[in-house]
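Engineer: Below is a structure I'd like to ask you about.
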Amino acid sequence: MTWDPRSLPDLAGRVYLVTGSNAGLGYFACEQLVRAGARVLMSARHPNRLSAARAAIRRRVPDAAADATEPLILDTSNLASVRSAAASVRGRGGLDGVLLNAGVVHAPKERETTIDGHEVVFATNALGHYALGGELLTALAEASGRMVWVGSMSTSLTPYDPVDPQLADGYSAWRAYVQSKVATMALGFEADRRLRAADVPVTSVVAHPGYSTGGRTPGIVGVNEPSRAKRFRDNLQALAAQSKEHGAWPLVRALTDPDVEGGEFWGPRTGSRGEPRRATAAKITRDLEVASRLWEVAQAATGVRWPLAAAAAAGAAKGRPAA
């Protein structure tokens, strides 16, 4: 089908959850979904920032329904927060999709750990989303829904093999970020294989935003307020960079386009910018051995075993085909 990211299909009646909704790609994904008529569960760690983001959507999409967005406090670096938020969402019934977007982009210079004892970048970007996907699986199955994992171009530039995903030795900020994104993408592809094998009517897709920067993004009070210096620096990269608003396009298409299939990888047309299209993921993210190893690591670290049989039964009870 022809896809216009500036004019999405009607999403009235659909319910989506977006992690990291208060700024950047997550905020613009929420805004685009709301413009198309969807109801969005906007999640973030900080209540005040989440309130500012919801207020921005009300200003920028004035014709949206009063209940077009709903706040959800969720910190993907904290497994207790993930479990609590997921329980709240499951109590609502079926979920059409979840965009696993929240993450640490600018990793700390020195290794830090979470309250659960995990390296913070790996925990936030990969482990928390693995746990959330498992906790929400039956709700997604009830609606034949879809999960989208947010990857990165960095996995092709420096495809580190995360043999030590927690980086107990040899930590660096760049390595922590790249390894976390290799893990995120590998888990997303592995999820699709396992969902298919178990006949769960949920699709798992991976997407990336290209090179999207705040300085090329519309200024929005409480959401994106770059300094003049940042505007200047980011605009010097205009040939390769795009706004976060446009960076959200592949993520939203991967989440909502009915022609998208599980196991696919979506990104901007040129790789770093442009309209969304199917792409080829870095070889390491498609490596079956790496994916299986990371799945076992995530399962052990989070204590979450995906309820594949229960989700398959939930989907069968609804009698609907996969998204």
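Engineer: Can you go through Leu99, Leu74 and tell me which one is touching a Phe, Trp or Tyr at 6+ places or on another chain (Cβ under 9 Å), modelled with pLDDT of 95 or more and crowded, with 21+ Cβ neighbours inside 10 Å?
Structural biologist: Going through Leu99, Leu74 in turn, just one is touching a Phe, Trp or Tyr at 6+ places or on another chain (Cβ under 9 Å), modelled with pLDDT of 95 or more and crowded, with 21+ Cβ neighbours inside 10 Å: Leu99.
Engineer: Related question: Among the numbered conditions (1) of a type in the set (A, V, I, L, M, F, W, C); (2) under 13 Å from Val304 (Cβ atoms); (3) in contact (Cβ under 8 Å) with a residue 60 or more places away in the chain; (4) surrounded by fewer than 23 Cβ atoms within 10 Å (Cβ to Cβ), tell me where Val105 comes up short.
Structural biologist: It is condition (2) that Val105 fails.
Engineer: I need the full set of residues from the range 282-306 which are of a type in the set (Asp, Glu) and either buried (at least 21 other Cβ atoms within 10 Å of the Cβ) or closer than 16 Å to Val206 by Cα (or both), in order please.
Structural biologist: Within the range 282-306, just Asp287 meets the criteria.
Engineer: Moving to a separate point now. Condition check: of a type in the set (Gly, Ala, Ser), in contact with a Lys or Arg (Cβ under 9 Å, 6 or more places away or on another chain), closer than 22 Å to Gly145 by Cβ and at pLDDT below 95. Does Ala38 satisfy that?
Structural biologist: The answer is no for Ala38.
Engineer: Is one or more of the residues making up the range 213-235 touching a strand residue (DSSP E or B) at 6+ places or on another chain (Cβ under 9 Å), part of a helix (DSSP H, G or I) and either modelled with pLDDT of 80 or more or under 21 Å from Lys181 (Cα atoms) (or both)?
Structural biologist: The answer is yes; a qualifying residue exists.
Engineer: Considering only residues that are of a type in the set (Val, Ile, Thr) and part of a helix (DSSP H, G or I), which ones fall in the range 119-153?
Structural biologist: Val120, Val121, Thr124, Thr138
Engineer: Quick one: would you say Gly188 is part of a helix (DSSP H, G or I) and of a type outside the set (A, V, I, L, M, F, W, C)?
Structural biologist: yes
Engineer: Then there is this: Given (1) touching a residue at least 40 places away in the same chain (Cβ under 8 Å); (2) under 15 Å from Thr19 (Cβ atoms); (3) surrounded by fewer than 24 Cβ atoms within 10 Å (Cβ to Cβ), where does Ser84 come up short, assuming only one miss?
Structural biologist: (1)
Engineer: Give the residue that is surrounded by the most Cβ atoms within 10 Å (Cβ to Cβ), with candidates limited to residues of the range 151-195 that are under 18 Å from Trp295 (Cβ atoms) and among the β-branched types (Val, Ile, Thr).
Structural biologist: The residue in question is Val182.
Engineer: Just the residues that are in contact with a strand residue (DSSP E or B) (Cβ under 9 Å, 6 or more places away or on another chain) and of a type in the set (Lys, Arg), please, taken from the range 98-133.
Structural biologist: Passing the criteria: only Arg111.
Engineer: Of Leu255, Leu294, which residue is touching a residue at least 40 places away in the same chain (Cβ under 8 Å), hydrophobic (A, V, I, L, M, F, W, C) and within 25 Å of Ser243 (Cα to Cα)?
Structural biologist: Leu255
Engineer: Moving on to the next point. Kindly list the number of the only condition in (1) more than 15 Å from the chain's Cα centre (by Cα); (2) touching a residue at least 40 places away in the same chain (Cβ under 8 Å); (3) under 30 Å from Pro258 (Cβ atoms) that fails for Ala64.
Structural biologist: The one condition Ala64 does not meet is (2).
Engineer: Taking strands (runs of 3 or more DSSP E) that fall entirely within the range 1-101, which contain at least 3 residues that are among the small types (Gly, Ala, Ser) and within 19 Å of Pro209 (Cβ to Cβ)?
Structural biologist: Qualifying strands (runs of 3 or more DSSP E): none found.
The values are calculated or read from the model by the stated rules, or taken from the named source; none is laboratory data. Note that the coordinates shown come from a computational prediction; the quantities given were computed from them, not determined experimentally. As a convention, Cβ positions derive from the backbone with ideal geometry for all residues, glycine included, and neighbour counts pool all protein chains shown.
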